[in-house]
Amino acid sequence: GLGQVQDVPIVLVDLDVTKRALSRRLGLGRRRGIIDVAVGRASLDEVRVPVPRRRLPKSVRRLVGRGAELQRYTVVPVGGRDVLRDRSAVLDEAAISAAVSSLAASSLVVVNLPAVPGPLPVREILLLCDAVLLTVLDGWSETDQALTSIDAVDAVVPRRVGYVLVDQ
């Protein structure tokens, strides 16, 4: 679906502070990111990086082509490794929400969330979303954790949660 969005920049924001799967998959696991923006160590322009073409799914690569069209896809990694190592550090939900809101003013923002409930407060971010999609992998996702995530998100943003069951 993202490959068919026309004339709008698309920003992927990795907020999974525990696994950092999206940041790592895109080769940005050690870069500064949204956490650094939230604590005032970087600006959004400094941490926003074009997604390498080879890292895009094949279906998207076929649709977007090359050059300027490819520049529409950017990512904001998690970052903040030293901040997250400090167990006494408290992440400012309002600052992270403000950064996501700033991105949403000019782009379509796709947020990769941590397991809910998780170490990152996401209530304000969920309120900014038009829709929330939870993916459940048959045979991989723990049922209790999936149900807890669905209930937690639905409690914050009722009637905005969508489900995808991936039958493996």
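Read the figures in this text as sums done on the coordinates, not as results from a lab. If you're wondering where the values come from, they're calculated on a predicted model, not measured in any experiment. Please note: Cβ atoms are built from the backbone with ideal geometry, for glycine as well, and neighbour counts cover all protein chains shown.
Label reach from residue 148 (point 7 Å along Cα→C-beta): in the stretch 104-132, amide nitrogens under 14 Å belong to 114-120.
In the calculated pair distance distribution of the stretch 72-114, what percentage of Cα-Cα distances lie above 16 Å? List each step's numbers first, then the result.
On the way: 423 of 903 pairs.
Summing the P(r) of the stretch 72-114 above 16 Å gives 47 percent of all pairs.
In loop segments of the stretch 21-62 as defined by DSSP, the trypsin sites (Lys or Arg not before Pro) with at most 13 further C-beta atoms inside 10 Å of their C-beta are 30.
Here each label is just a point 7 Å from Cα along the line to Cβ, and for residue 157 and residue 94 those points are 2.1 nm apart.
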